[in-house]
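For reference, the structure discussed in these notes is given below.
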Amino acid sequence: MAGECFGRTADGQAVDRHVLMRGSLRVAVIAFGAVVTAIEVPDRAGRSANVVLGLDTLAGYETVSPSFGAIVGRYANRIAGGRFSLDGHSYQLPINEGPNTLHGGPENFGRRLWRVESSDATRLVLSRRSPDGEAGFPGTLDIRVTYSLPADGVLRIDYAAVTDWPTVLNLTNHSYFNLAGEGAGSVLGHVVQVEADAFAPTDATQIPTGALRPVDGTPFDFRTPRPLEARIRDGDPQLAYAKGYDHTFALRGPAGTLRPAATCLDPGSGRRLDVWTTQPALQLYSGNNLDGTLTGPSGRLYRSGDGVCFETQAFPDAPNQPDFPSAVLRPGETFTAATEFRFSCPAPEPGTGG
């Protein structure tokens, strides 16, 4: 099924937008960056709204987007100094966040045009070949990302990749959620739960120290639901480094199995998001670097805390952290992963109004 034209890249390539629909769920994706530009779901009164941040124009996604809705890689999150060694070879990546590489560099997969392999009302398959040496990474990598709506309220993302040379790989979708609606303001009142007993503390440049710290007694304890704002201003150096939450949580249960990772509830609208994944970790990011310079489709400015990301992924800097699970992909292996964003609007608890 053909998409509708969303615009042309700076070098003149046409980019289509594809709209997936099932029941009350409507999802829009563009081939540039494999970006999810909109997810429309109803609130408790049946009113639908887009619940992800984004931009109006393709030029915005090309030039100023902080990875809104994009598939980022070749290595999502951070690599210390933009350097790693693999099988005796050393590799240098572009530096684009302080002294480190973030999301694979400034021209990561979220800034590339993907190929549409197939599209219908509930499924979109996108692929990309990342050539050997692109952004400094070794090996030619063939990636396929499938967006599908397997049930009403469920957006599923399936990842698959193969390489012809040993490389490192970490893929995630970088959607910023605001369950009150895009442009509705702060999400710090959203109630969040994360299925993790430990998180990865970082240094001042947000590179993991290599340790996993129990969440017990810290502002990172989301084992039971609580608002993001409950402890985001605690005087913890970890929160100071990141200007809020921007940390990796070690998810319970075996990686490779689809299991609960996080929940998020907006008390006002009643919308709830359940995140399930096969990935080993989740990056919780409270939109700290949104600074009021970007305007969304609503016509409203995005400020710090106006969106929250649930980035299911491998551990950051794993190529340099021997105690973290390996993120190496070798010839003859196939990388696979899946994440589901499950939207619902449960009835309010008795006595809570709504």
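If I go through segment 95-111 residue by residue, how many of them are assigned to a strand (DSSP E or B) and over 15 Å from the mean Cα position of the chain (by Cα)?
Within segment 95-111, residues that are assigned to a strand (DSSP E or B) and over 15 Å from the mean Cα position of the chain (by Cα) number 3.
Can you give me the number of residues within segment 144-182 that are more than 17 Å from the chain's Cα centre (by Cα) and either more than 19 Å from residue 71 (Cα to Cα) or of a type in the set (A, V, I, L, M, F, W, C) (or both)?
Number satisfying all stated conditions: 13.
Identify the residue in segment 295-307 that is surrounded by fewer than 22 Cβ atoms within 10 Å (Cβ to Cβ) and within 19 Å of the chain's Cα centre (by Cα) and, among all such residues, is farthest from residue 253 (Cα to Cα).
Going through the qualifying residues, I end up with 303.
Restricting to segment 199-210, give me the number of residues that are surrounded by 18 or more Cβ atoms within 10 Å (Cβ to Cβ) and not β-branched (Val, Ile, Thr).
5
With respect to residue 218, is the statement that it is outside any strand (DSSP E or B) and closer than 30 Å to residue 90 by Cα true?
no
For segment 138-189, what are the residues that are within 12 Å of residue 334 (Cα to Cα), surrounded by fewer than 20 Cβ atoms within 10 Å (Cβ to Cβ) and of a type in the set (Gly, Ala, Ser)?
160 - this is the single residue of segment 138-189 that is within 12 Å of residue 334 (Cα to Cα), surrounded by fewer than 20 Cβ atoms within 10 Å (Cβ to Cβ) and of a type in the set (Gly, Ala, Ser).
Within the group 149, 93, 113, which residue is in contact (Cβ under 8 Å) with a residue 40 or more places away in the chain, hydrophobic (A, V, I, L, M, F, W, C), within 18 Å of residue 32 (Cα to Cα) and in contact with a strand residue (DSSP E or B) (Cβ under 7 Å, 6 or more places away or on another chain)?
113
Would you check if residue 51 is over 27 Å from residue 169 (Cβ atoms), crowded, with 16+ Cβ neighbours inside 10 Å and not small (Gly, Ala, Ser)?
yes
If a residue must be outside any strand (DSSP E or B), surrounded by fewer than 22 Cβ atoms within 10 Å (Cβ to Cβ) and not polar (S, T, N, Q), how many such residues does segment 10-45 contain?
7
Out of the residues in segment 64-85 meeting the condition of being more than 11 Å from the chain's Cα centre (by Cα) and aliphatic (A, V, I, L, M), tell me which one is nearest to residue 329 (Cα to Cα).
Applying the filter and picking the extreme gives 79.
For segment 306-333, how many residues meet the condition of being touching a helix residue (DSSP H, G or I) at 6+ places or on another chain (Cβ under 8 Å) and either on the phi > 0 side of the Ramachandran plot or in contact (Cβ under 8 Å) with a residue 12 or more places away in the chain (or both)?
Summing the residues that are touching a helix residue (DSSP H, G or I) at 6+ places or on another chain (Cβ under 8 Å) and either on the phi > 0 side of the Ramachandran plot or in contact (Cβ under 8 Å) with a residue 12 or more places away in the chain (or both) in segment 306-333 gives 7.
Among the residues of segment 112-135, what is the count of those that are of a type in the set (Gly, Ala, Ser), closer than 22 Å to residue 11 by Cβ and not in a strand (DSSP E or B)?
Matching residues across segment 112-135 total 2.
Could you please give the count of residues in segment 228-237 that are of a type outside the set (Gly, Ala, Ser), out of contact with any Ser or Thr (no Cβ under 7 Å at 6 or more places or on another chain) and outside any loop (DSSP other than H, G, I, E, B)?
2
Can you say whether residue 234 is closer than 28 Å to residue 269 by Cβ, touching a Pro at 6+ places or on another chain (Cβ under 8 Å) and of a type in the set (D, E, K, R), as far as the supplied structure shows?
Judged against the criteria, residue 234 is a match.
Return the only residue of 7, 60 being touching a strand residue (DSSP E or B) at 6+ places or on another chain (Cβ under 9 Å), at positive phi, touching a residue at least 24 places away in the same chain (Cβ under 8 Å) and not in a loop (DSSP other than H, G, I, E, B).
Only one candidate qualifies: 7.
Among 84, 68, which is the only one that is in a loop (DSSP other than H, G, I, E, B) and either farther than 24 Å from residue 309 by Cβ or in contact with a helix residue (DSSP H, G or I) (Cβ under 9 Å, 6 or more places away or on another chain) (or both)?
Checking each option against the conditions leaves just 68.
From 267, 254, 260, grab the single residue that is outside any loop (DSSP other than H, G, I, E, B) and either within 30 Å of residue 97 (Cα to Cα) or modelled with pLDDT of 95 or more (or both).
260
The values are calculated or read from the model by the stated rules, or taken from the named source; none is laboratory data. Predicted, not measured: the structure shown is a model, and the values here were computed from it. Counting neighbours? That spans all protein chains shown, and the Cβs are built from the backbone with ideal geometry, glycine included.
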